[in-house]
Amino acid sequence: MLFDDTYKTITQPAEGIFRDRGSKFLGYAYPISSDADIKPIIAKLKAEHPKANHHCWAIRLGIDRSVFRVNDDGEPSGTAGRPILNILLSKNITNVLVVVVRYFGGTLLGVPGLINAYKLTTEAALEQAEVIEKTVNDIYTITFEYPQMNDVMRIIKEEQLQVLEQTSELNCSIRFCIRKTQVEQVMSKLNKVEKAKVVYNYSG
């Protein structure tokens, strides 16, 4: 099985709305990069909607799409966070937080009604979002002596690598980005450059 070095996420926050029997559901989708992003967003929405009955949410995180959390915030278990997450799963997007703010309208919707409402609100918010495909990249730094500059730059050009930072003095260094699926091929070329040293920085 080939490693999939792409993933889908959203570019910026988006909103959607759904109404059912007097209840109003406001959906908010946010691009996030870690668990630490959740708390301030929830706090901001609670401050904006202090009279709302519920602030339910779900996240999906990680370029391998493996991390997820749900919160029903007082709704019957499984009727809010899970339906939100299911939409994130079905759309195959990650690094996303969706919060649904509910104003209760006086009529109980029942379990099927709640599941449907949270699902449709999430869909409404994500319909307004721009979904993009990103690549999984590794960041490396190569250090070398100035006479090797042409050799290194030729490889960078051939492999269409993104240069992030460059210093060109007697001792040169270039920080660059490689798609995961290109790493082996690029490294075999760079390792042949005389007196060059390649160091892995991080994935991003």
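The values are calculated or read from the model by the stated rules, or taken from the named source; none is laboratory data. These numbers come from a predicted model, not from an experiment. All Cβ positions, glycine included, derive from the backbone under ideal geometry; neighbour counts span all protein chains shown. Side chains are part of the model used for accessible areas, which takes the heavy atoms of the whole protein and leaves out ligands, DNA and RNA. Shrake-Rupley method; radii C 1.70, N 1.55, O 1.52, S 1.80 Å.
Where does the charge balance sit around I142 when Lys and Arg score +1, Asp and Glu -1, over other residues with C-beta under 10 Å from its C-beta?
That works out to +2.
Based on alpha-carbon positions alone, could you give the equivalent ellipsoid semi-axes of the chain from the gyration tensor, as √(5λ), descending, whole Å? Please report the intermediate quantities before stating the final value.
Values: eigenvalues 458, 47, 29 Å².
Gyration-tensor ellipsoid for the chain: 48, 15, 12 Å.
Using the heavy atoms of the protein chains and a 1.4 angstrom probe, tell me the accessible area per residue for region 42-174 in square angstrom. Kindly include the intermediate steps, with their values, before the conclusion.
Numbers: 6710 Å² over 133 residues.
Result: 50 Å² per residue.
Give the Debye-formula value of log10 I(q)/I(0) at each listed q (0.27, 0.29 Å⁻¹), with one equal scatterer per alpha carbon of region 109-168, two decimals each.
Reported log10 I(q)/I(0), two decimals: -1.15, -1.23.
With no solvent and one point on each alpha carbon, what is the Debye value of log10 I(q)/I(0) for region 26-142 at q = 0.10 Å⁻¹?
Calculated log10 I(q)/I(0) at the listed q: -0.31.
Tell me, what is the FRET efficiency for K180 and S77 to the nearest 0.05, using R0 = 35 angstrom and their Cβ-Cβ distance as r? Numbers along the way, then the final one.
On the way: r = 38 Å, r/R0 = 1.09.
Here the calculated transfer efficiency is 0.35.
If R₀ is 35 angstrom, what is the calculated FRET efficiency for the pair K157 and S34, using the beta carbon separation as r and rounding to 0.05?
After rounding to 0.05, the efficiency reads 0.55.
Modelled label-to-label distance, E130 and L164, 7 Å Cα→beta-carbon offset: nm?
For the pair E130/L164, the computed spacing is 2.3 nm.
Could you give me the radius of gyration and the Dmax of region 95-204, taking only the C-alpha atoms into account and expressing both in angstrom?
Considering region 95-204 through its Cα atoms, Rg and Dmax are 24.3, 77 Å.
Lys and Arg at +1, Asp and Glu at -1: add these up for the other residues within a Cβ distance under 12 Å of A117 and post the number.
Working: positive: R19, R21, K24, R102, K119; negative: D20, E75, E123.
Summing Lys/Arg as +1 and Asp/Glu as -1 gives +2.
Region 92-135 to region 18-88: how many Å between their Cα centroids?
Going from one Cα centre to the other spans 8 Å.
Could you tell me how many degrees, from 0 to 90 and to the nearest 10, lie between the Cα long axis of helix 149-158 and the main elongation axis, the longest principal axis, of the Cα atoms of the chain?
Its long axis makes an angle of about 40 degrees.
So how tilted is helix 81-90 from the main axis of the chain? Cα-based, degrees 0 to 90, rounded to 10.
Its long axis makes an angle of about 50 degrees.
Give me the base-10 log of I(q)/I(0) for region 38-100 at each q in 0.14, 0.19, 0.30 Å⁻¹, Debye formula, one uniform scatterer per Cα, rounded to two decimals.
The computed values of log10 I(q)/I(0) come out as -0.39, -0.69, -1.24.
Of K8/K39; K91/K134; K39/K180, which sit over 25 Å apart, Cα to Cα? Walk me through the numbers on the way to the answer.
On the way: K8/K39 23 Å; K91/K134 15 Å; K39/K180 31 Å.
As for pairs spanning more than 25 Å Cα to Cα, those are K39/K180.
Taking the Cβ of G105 as the center, what net charge do the other residues with Cβ under 12 Å away carry, scoring Lys and Arg +1 and Asp and Glu -1? The partial results should precede the final answer.
Working: positive: R19, R21, K24, R102; negative: D20.
The answer is +3.
Work out the FRET efficiency for N191 and N116 from their Cβ-Cβ distance, taking R0 = 45 Å, and round it to the nearest 0.05.
Numbers: r = 57 Å, r/R0 = 1.26.
E(calc), rounded to 0.05, equals 0.20.
How much mean residue ellipticity at 222 nm does the chain get from its helices, if each DSSP H run of length 4 or more adds -39500 (n - 2.57) and you divide by all residues, to the nearest 500 deg cm²/dmol? Walk me through the numbers on the way to the answer.
Numbers: 5 runs with 57 residues, N = 204.
Here the helix-only value at 222 nm equals -8500 deg cm²/dmol.
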